[in-house]
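*Asks:* Please find one structure pasted underneath; my questions will follow.
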Amino acid sequence: MVDDRLSGRRSAPTPLGRASVAQVDPDEVRRKMRLDYIRSKNDKPFKVLEALQGLLSHFQKPELDINGLLQEAADLIHKQFGLRTVTIGLRSKFDGKYRYVINSGLRPEPWEQHQQITYGIEDFQNFERFNGFEISRLTRIYLEEQNPMTAEERKIYNRPALLDLKRRGLDENLEADYLDVLIKGTEDTLLGWIEISGTIGGKLPDSMTIKNIETISMILAAALMCKDASQPGG
């Protein structure tokens, strides 16, 4: 027998690992994918995406129930992100004013006070008048120390006894701190806003929470525009 090294001939290469590795059962691959998916349901990012899918499923119904969608969105934000209170306001088609229409987490008395408040577009355009600070294109923050309240304004808070406490940390939330996440339509038309308080843990909402709520505001904007377009003359 002639040695290939002496004859100059090259042996055919053997696929690396092919001879030593057992073949994977396709059924095992499918089962692993399925189990990984099921286990992921306990992860917070998965739960958030699942909740967003729930909101989007409203678009698949024969008729879009705006009030149902708004309430589900408020409850989702309230519970999923551990916020103390969530309210949603919309622009009225009758007079163009902005009013609170949905609530999650507020007691009946302060919610009744909220429903009596009316805003004009100028209140949102000149938000510096209320010492607001822009976090992003959609989100503004208003801090308690920079907005002194009247006796009537104190009635809109769940826990008025906690007003006027001193802030002890950069991420600490005070009772009257709140953020507005705007709901914008075409050409930046203001359709409404989502108003959120601090977290149950006494902290201000973090950046991921804000980004998720901004995503929800865009879903609500799409729903409101879709509903308007379906109305006669819309």
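Please treat every number below as a calculation from the coordinates, not as lab data. Model, not experiment: these values are computed from the prediction. Every residue, glycine as well, gets a Cβ built from its backbone with ideal geometry; the counts of neighbours run over all protein chains shown.
*Asks:* What are the ³J(HN,Hα) couplings of region 132-148, residue after residue, when phi is run through the Karplus curve with 6.51, -1.76, 1.60 and θ = phi - 60°? Round to Hz, x for glycine and proline.
*Replies:* Taking θ as phi minus 60°, the curve returns x, 10, 7, 8, 8, 4, 9, 10, 10, 10, 10, 9, 4, 4, 9, 9, x Hz for region 132-148.
*Asks:* If you take the beta carbon distance between F127 and A161 as r and set R0 to 30 Å, what does 1/(1 + (r/R0)^6) give as a FRET efficiency, to the nearest 0.05?
*Replies:* In this case the efficiency is close to 0.60.
*Asks:* So if we plug the beta-carbon distance of D75 and R30 into 1/(1 + (r/R0)^6) with R0 = 35 Å, what FRET efficiency do we get, rounded to 0.05?
*Replies:* 0.45
*Asks:* Which of the helices in the chain meet the span-like rule: DSSP H, Cα axial reach of 27 Å or more, Kyte-Doolittle mean at least -0.5?
*Replies:* 207-230
*Asks:* Radius of gyration and Dmax for region 40-230's Cα atoms, expressed in Å?
*Replies:* Cα-based Rg and Dmax for region 40-230 come out at 16.4, 51 Å.
*Asks:* Lysine pairs in region 40-230 8 or more apart or on different chains: how many have alpha carbons under 18 angstrom apart?
*Replies:* Counting lysine pairs in region 40-230 gives 15.
*Asks:* Under the Kirkwood approximation applied to all pairs of distinct alpha-carbon atoms, what is the hydrodynamic radius of region 71-144 in Å?
*Replies:* With all distinct Cα pairs of region 71-144 included, I get 13.7 Å.
*Asks:* Please go through region 134-190 and write out the GluC sites (Glu not before Pro) that DSSP classes as loop and that have at most 16 other C-beta atoms within 10 Å.
*Replies:* Details: sites: E134, E144, E145, E152, E153, E172, E175, E187; in loops: E152, E175.
Those that pass, being in a loop and sparsely packed, are E152.
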